[in-house]
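Before any comments, here is the structure.
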Amino acid sequence: MAAAPRYKRILLKLSGEALQGSQGYGVDAEVLRTISEEVKDVVGLGVEVALVIGGGNIFRGLSAAASGMDRASADYMGMLATVMNSLALQDALEQRGVYTRVMSAIEMKEVAEPYIRRRATRHLEKGRVVIFAAGTGNPYFTTDTAAALRAMEVHADVLMKATKVDGVYDKDPHKHKDAVRYARLTYLDVLARGLNVMDSTAISLCKENSLPILVFNMLGRDNIRRVVCGEELGTLVCAE
């Protein structure tokens, strides 16, 4: 008998880089297929799923700003990249029979609904997957912060950050074989130690509103379903 889900409503944060797979740029169709099938699996458990996707596989605002571009212009371009990724994932989900809505913080009625909190909540209640695109709609805020903000606005039970490693380590596990993985951290631990979980604005928002963050490896088969059903994968960031 399949385990019952621990969470009723989740917000899943994916990096844009995750969508590029091994090709180094753009969107890999095989990665889209895998993610969409896993999301469909979780929706089938009765879990309400919202998503936020980064845009780093297409354009990174911070990198462009560092090389001389105006930061606000660079960030807006990054937001548009997240819309492209959101539409790609919407298509992959709908090909698999999952009802999906893309809601954009920057109005573009021809391709996405405008973000309205109550409408987003209603979509989730009806079992639709909601993809929040274009970040917060404001420059100088990352998609991590957008994920924290949207998770709190729709009253998600947990913010799940899917990464390429199986949790939070004291140092880069790809460079240091003796890196130690944390099973559990407090928000203050993350901020004080400068751990690379999410940016400090996102962590502070979650801390102020007691929203738990679960960091896990998205590359393992069925990992999204496993963490939703309560398996202790990855690192949980929460209050004391």
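The values are calculated or read from the model by the stated rules, or taken from the named source; none is laboratory data. Just so you know, these numbers come straight off a predicted model, no measurement behind them. With ideal geometry, Cβ positions are generated from the backbone for all residues, glycine too; neighbour counts draw on all protein chains shown. Accessible surface areas use protein heavy atoms only, side chains included; no ligands, DNA or RNA. Shrake-Rupley method; radii C 1.70, N 1.55, O 1.52, S 1.80 Å.
Provide, for q = 0.08 Å⁻¹, the log10 of I(q)/I(0) from a solvent-free Debye sum over equal Cα point scatterers in the chain.
-0.27
Could you look at region 137-218 and say what percent of its accessible area is carbon and sulfur, using a 1.4 Å probe and all protein chains?
48
Which is farthest toward the positive dipole end of region 199-240 among 215, 238, 227, measuring Cα position about the Cα centre, with Cβ charges +1 (Lys, Arg) and -1 (Asp, Glu)?
So the residue we want is 227.
Express in Å², to the nearest 10, the accessible area of residue 41 obtained by rolling a 1.4 Å probe over the protein heavy atoms while all chains stay in place.
Its heavy atoms expose roughly 60 Å² to the probe.
Could you tell me how far the Cα centroid of region 168-239 sits from the Cα centroid of region 90-152, in Å?
23
Gain in length, residue 184 to residue 71, computed as 0.36 nm per residue apart minus the alpha-carbon separation, to one decimal in nm?
37.2 nm
Given +1 on the Cβ of Lys and Arg, -1 on the Cβ of Asp and Glu, and no further charges, what dipole in debye does region 120-240 carry about its Cα centre, rounded to the nearest 20?
Taking the Cα centre of region 120-240 as origin, the dipole is about 380 debye.
Provide the solvent-accessible area of residue 200, counting protein heavy atoms only and rolling a 1.4 Å probe, rounded to the nearest 10 Å².
70
Net charge around residue 136, counting only other residues with Cβ within less than 13 Å of its Cβ (Lys, Arg = +1; Asp, Glu = -1)?
On the way: positive: 117, 150; negative: 75, 144, 153, 199.
Around residue 136, the surrounding residues sum to -2.
Only four residue types carry charge here, +1 at the Cβ of Lys and Arg and -1 at the Cβ of Asp and Glu. Report the dipole size of the chain about the Cα centre in Debye, rounded to the nearest 20.
380
At a temperature of 25 °C and a viscosity of 0.890 mPa s, determine how fast region 109-236 diffuses translationally according to Stokes-Einstein, using the Kirkwood radius over alpha-carbon pairs as Rh; express D in µm²/s, rounded to the nearest whole number.
154
For region 81-173, with every protein chain kept in place, what is the accessible area per residue (1.4 Å probe, Å²)?
Per residue, region 81-173 has an accessible area of 44 Å².
For residue 96, what accessible area in Å² do you get when you roll a 1.4 Å probe over the heavy atoms of the protein chains, rounding to the nearest 10?
Residue 96 exposes around 60 Å² with every protein chain in place.
Could you list the chymotrypsin sites (Phe, Trp or Tyr not before Pro) in region 22-93 that lie in coil according to DSSP, counting only those with at most 15 other Cβ atoms within 10 Å of their Cβ?
25
Calculate what fraction, in whole %, of the accessible area of region 1-133 sits on carbon and sulfur atoms when a 1.4 Å probe is rolled over the protein chains.
Here carbon and sulfur together make up 52 percent of the probe-accessible area.
With each run of n ≥ 4 DSSP H residues scored as -39500 (n - 2.57), what mean residue ellipticity at 222 nm is computed for the chain after dividing by its residue count and rounding to the nearest 500 deg cm²/dmol?
-11500 deg cm²/dmol
So how do 160, 84, 218 rank on accessible area, 1.4 Å probe, biggest first, that is with the largest at the start?
Of 160, 84, 218, the descending order of accessible area is 84, 218, 160.
Ordering 219, 233, 89 by how much accessible area each has at a 1.4 Å probe, largest first, what is the list?
If we order 219, 233, 89 from most to least accessible, we get 219, 233, 89.
Residue 7: net charge of surrounding residues, Cβ under 10 Å, Lys/Arg +1, Asp/Glu -1, itself excluded?
Once positives and negatives cancel, what remains is +1.
Can you give me the relative contact order of region 105-240 as a percent, contacts being Cα pairs under 8 Å and 6 or more apart?
25
In the neighborhood of residue 158, defined by Cβ-to-Cβ distances under 9 Å, what is the net charge if each Lys or Arg adds +1 and each Asp or Glu adds -1?
+1
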